[in-house]
Every structure is written in structure tokens, then in C-alpha cells.
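Here's the structure we're looking at; comments come further down.
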Amino acid sequence: MSLPTSVDVAIVGAGTSGAAAARYFAEQGARVVCVDRRPLAEAGARWVNGITRTAMAEAGIELPASAGFGEPHPFHLVSDAGRVVVRDHDVIDVDMRALVALLQRQAQEAGAVMQGETSVLGRDRDVLITDQGRVRARWIIDASGLAGARLLDQSAVGTAHLCAAAQAVFEVKDNEAARAWFAAADIPPGEVYARLGVAGGFSVLNVRLHDGGHTVGVLTGSIPSLGFPSGKAILDRFVREHAWVGARVFGGQGAIPLRRPYDRLARDNVALLGDAACQVFPAHGSGIGAGIVAARMLASTLGAGGTLRDYEVAWHRRWGGLFAAYDAFRRWNQTMDPVQLGELMAGGVLDPSFARAGMDQTMPRLSLGALPPKARALSKQPGLVPGLARVMAQVGAAHLLSAVYPRSENRRFSAWQLGMARVLAV
Ligand SMILES: Cc1cc2nc3c(=O)[nH]c(=O)nc-3n(C[C@H](O)[C@H](O)[C@H](O)COP(=O)(O)OP(=O)(O)OC[C@H]3O[C@@H](n4cnc5c(N)ncnc54)[C@H](O)[C@@H]3O)c2cc1C
């Protein structure tokens, strides 16, 4: 199929962010082309991801039952010294193959041209250059992920801010042994075992039985540049050591940017979206909800007659503080050893309401009544105080700065960038 030569919106990447943007723009009547270097059926995430229902609702996406794995299930955050159980959270497991296919189909039905096996090589002003031809576009959206087209010459993400993650679903070949393993960890069937600190402060091994115990999902992540095994190595080891885990059904692995989103989300006629913009919730490397919500914000801003600058201002003012705040927490968290992680949980500093806020991608609310127990917990673990104090100062400063993200690109913007870099260097 040949590409249209001229469109309103040209989108690079047909993963969740790009396909969602294609859908929203096409629904507004724009002429849209969305290309991906992979075949469309292989674009984007190909494993099971946790997404908040709030993000799905905010993005206006209704998931068919076949794409999900039921309602949110209790999460057991386990460390050497204790555990925190989060029962009422908002995160559902989603088969990303189904979500990406749904968004691509909805985009096509709304009139977008979706084309796989088409690599973007660069841009010449308002012309997108691909290996299948050139497309002139009023707006170009780079939703091509972390290792994508880099149409705004985004700076590379430092290795200390890169999580190497893996997720796969396996058959369970010995159901009794699987249930015994969860029982030994004191996890009821279907609930989530999330072992923190398996390979450094920022790392997780997350295991859950699906389909009444016929399959098991294993999710892992770590920061290898800090000297730890990758998520893939952690996952492979878990499978090797547990004979009840059977054949792999589907899954994948990749790198996730954890740094706060780029200061600039747009320039000239190009906007960044999703992982390409580092719009990833840093506490656990979750980019699906952030990407689809940003896609909707971008389409509705331009659809209402706004500019790309309006999009980046609106995004930073609405979300920048939250993402930077959790980036501050993540940077502290990744310096911890298993003992400190355990202290954080066992002493009550990280309690179910804090953990839930992190899972739900919201700021924790600290009631007055919660202050005395937190103060008591900290008095028993004075080693945590300097780190926590630094994070709280960064959280406050990041929120203040994001709320006043400048509208114009003058000296005030340079000062803003310097200020933010002082709070959280990248
Ligand atoms: C193992 C793992 C587990 C994860 N778990 C979660 C989770 O539980 N919850 C969550 O929210 N997030 C999770 N994430 C992160 C999430 O998958 C990403 O944030 C999300 O996929 C980003 O979506 P995106 O559309 O921005 O980019 P991508 O999904 O990376 O899609 C980008 C697309 O652009 C295409 N592309 C790249 N370069 C070009 C080019 N030059 N020309 C044309 N096309 C190009 C690619 O082929 C790709 O299809 C996980 C990530 C991994 C690796």
C-alpha cells in the first residue's frame, strides 16, 4: 500500500501511544497516517501490563473482557523484613496484544491509514521521510518509543534511569505445586506476589496465577547499569528454579525510561508522545496509561485550535509534578539495599495507603492522624530520615516548578530548565 503524500497528522509508531493518537485525531476528522517499522500485528508492547482503570477511563477506552484478567487483585509487596498488602487499588492486568490491536482497529475505523513495515528515517521540516516514501504533514507525532526515530533529537536516557524489564505468561504444568508455592509465600490463589529488592533497590519479581491456575504471569525489572542482573535474567532464573512453570505462551522484554519526562515535548511541528517523551510513571516504569492519556490530551488540544506548545504546557502543568515527584522517590529507592527496603516497609513508612497511591499513580494523602505513627516509625529508623527529607524537598519543588511551566520560550524557560535540573538532574 502506498502512503498518502499529504495529511494533517503523521504518527511514528503504532504501539499504544501512537495508535491511540491515530484514533483520537481520526475521530476528530483529521487526515491521519500512522506507520510502524514492525508489522502492525507486532507493534508496541506484546506482553501483560498493569494499567489503572482511571487511565483507561480518562482515555475513553473500553476494554473487551477478553483483553483483561479480571478486576484488580490484592497485591502483596514482600521484602525480607515484612510485607505490605494493597487490597483496594485500581490496577488491572491487560493483554497488550489485544489492547494494541483494539486501538489500531478503532483508528482504522475512524479513517486513519495504519501502515506497518514502514520505517521512519527522519524529517525534513514538515515532511516525514520513510523507507516507503515521503509524507507532508501539518503535525508530526513521534510515538516511536525509547529506541525510536528521535525526531526532536531527544537526549539519550542515562543508563541509571533505564529499567530492563521482562514479562511472560507460562502454562502451569503442576497446579498443585504452583498452589503450594503461593501458599508457602502466604499468597491466596490469584493474588499478586511482588517481591521487591530481588536485584537492587529498584527491582521486582512479580508472580500471579491467571485463568484459575492454568497459566502464570511473571514480571521482572531491574536497573542493570547499577550492577544487577536484568529483568530477563531474573525471569529466566525463576523459571529454571520452579519446575511447576511450563511452556511459555507469550511475552517479551525491553528497556523502560524512568527519568522525568523531557522538558520539551514539542518543537516546530513535532510532538513527542509516550516512551519517546519519557511519559512513564517512574515508580514502576508504567507507560501505557500515561501514553494514552497524553495522546488524548494532544489530540483534544490541537482539535480545539490549540498549538503544540499548548500541549506541552498543559501536560507539564497537569502531570509533570506527579511524574517528577515519583522520579525523586525512585532515585532514592534504587540506592537502597534489601535491609533498608525492609525497614521502609516493616516500620510503616511505606504503608498500604502510600503503596496504593504509588500503584494508582497519584500522590499519597497524609492525614493528620497518620503523622504520629509515621514519626514513630521514622524515629526507629533514623537512617531513612536524610533520604526521605531530600525526597520530600524534591517533591515539593518539582510540583511548584511544574505548576508554573512557562508558556513562552524566553529566558524564563531557560531559568525553569535550570531550576528543574537542580531538583532532579538528568
Ligand atoms: C517487560 C515490560 C513490562 C512492562 N510493564 C508495564 C506495566 O505493567 N504497565 C505499564 O503501564 N507499562 C509497562 N511497561 C512499559 C510499557 O510497555 C511502555 O511504556 C509502552 O509500551 C510505551 O508505549 P509507546 O506506544 O510509547 O511505545 P512502544 O510500545 O515502544 O511503541 C513504539 C512503536 O514505534 C515503532 N517504531 C520505533 N522506531 C520506529 C521508526 N523509526 N519508524 C517506525 N516505527 C518505529 C516500534 O516498532 C513500536 O511498535 C512495560 C515494559 C516492558 C518492557
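Within the listed set Glu191, Glu117, Glu241, the residue fluctuating most in the Gaussian network model of the chain (springs between alpha-carbon atoms under 10 angstrom) is Glu241. Taking trypsin sites (Lys or Arg not before Pro) in DSSP loop conformation with at most 10 other Cβ atoms inside 10 Å as exposed sites, the chain has its longest uninterrupted site-free stretch at 126-364.
Mean residue ellipticity, 222 nm, helices only, the chain: the sum of -39500 (n - 2.57) across DSSP H runs of n ≥ 4, divided by residue count and rounded to 500, is -11000 deg cm²/dmol. P(r) tail, the range 300-348: Cα-Cα pairs separated by more than 13 Å, 69% of all pairs.
Taking the Cα atoms only, what angle lies between the long axis of helix 288-303 and the longest principal axis of the chain, rounded to 10 degrees? Computed tilt is about 30 degrees. Taking 0.36 nm per residue of sequence separation and removing the Cα-Cα distance, the Ala425/Asp174 pair yields an extension gain of 85.5 nm.
Between Ser367, Ser203, Ser414, the residue with the greatest mean-square fluctuation in the GNM of the chain (Cα pairs under 10 Å linked by springs) is Ser367. Charging the Cβ of each Asp and Glu at -1 and of each Lys and Arg at +1, and nothing else, the dipole of the range 301-426 about its Cα centre rounds to 320 debye. With a Förster radius of 60 Å applied to the C-beta separation of His214 and Arg412, the computed FRET efficiency comes to 0.55.
What is the log10 of I(q)/I(0) for the range 83-179, computed with the Debye formula using one identical point scatterer on each Cα and no solvent, at q = 0.24 Å⁻¹? After summing over all Cα pairs, the log10 values are -1.34. Listed by chain and number, the lysines whose alpha-carbon sits under 22 Å from that of Lys232, ignoring those within fewer than 8 places in the same chain, are Lys173. Each of Asn333, Gly387, Leu128 was placed along the dipole of the chain (beta-carbon charges, centred on the mean Cα), and the one lying farthest toward the positive end is Gly387.
State log₁₀ I(q)/I(0) for the range 130-174 at q = 0.14, 0.19, 0.27, 0.33 Å⁻¹ as given by the Debye formula over alpha-carbon point scatterers of equal weight, solvent excluded. At q = 0.14, 0.19, 0.27, 0.33 Å⁻¹ the computed log10 ratios are -0.62, -0.82, -1.15, -1.30.
If each residue's Cβ is checked for other Cβ atoms within 10 Å, how do Glu409, Glu343, Glu71 rank with the fewest at the top?
Working: Glu409 11, Glu343 22, Glu71 8.
In order of increasing Cβ crowding within 10 Å: Glu71, Glu409, Glu343.
Structural size metrics of the chain, computed from C-alpha coordinates, are Rg and Dmax of 21.7, 67 Å. Once the Cα atoms are used to define both axes, helix 385-403 deviates from the longest principal axis of the chain by about 20 degrees. Compared with the rule-of-thumb size 2.2 N^0.38 Å for a compact globular protein, the range 204-252 has a Cα radius of gyration ratio of 1.21. Placing a label point 7 Å from the Cα of Thr54 along the Cα-to-Cβ direction, the residues of the range 361-398 whose backbone N falls under 12 Å of that point are 361-365. Computed over the range 325-423, the quotient of the alpha carbon radius of gyration and 2.2 N^0.38 Å is 1.26.
When the alpha carbon coordinates of the range 1-158 are projected onto the principal axes, the ranges are 58, 38, 24 Å, largest first. Among rounded, prolate and oblate, which fits the range 159-257 when a ≥ b ≥ c are the square roots of the eigenvalues of its C-alpha gyration tensor, a/c under 1.5 means rounded, and a/b larger than b/c means prolate? Prolate.
For the chain, modelled as a GNM whose springs connect Cα atoms under 10 angstrom apart, the maximal fluctuation among Ala14, Ala233, Ala107 occurs at Ala233.
Read the figures in this text as sums done on the coordinates, not as results from a lab. Every value quoted in this text rests on a predicted model; they were computed, and no experiment measured them. Every residue, glycine as well, gets a Cβ built from its backbone with ideal geometry; the counts of neighbours run over all protein chains shown.
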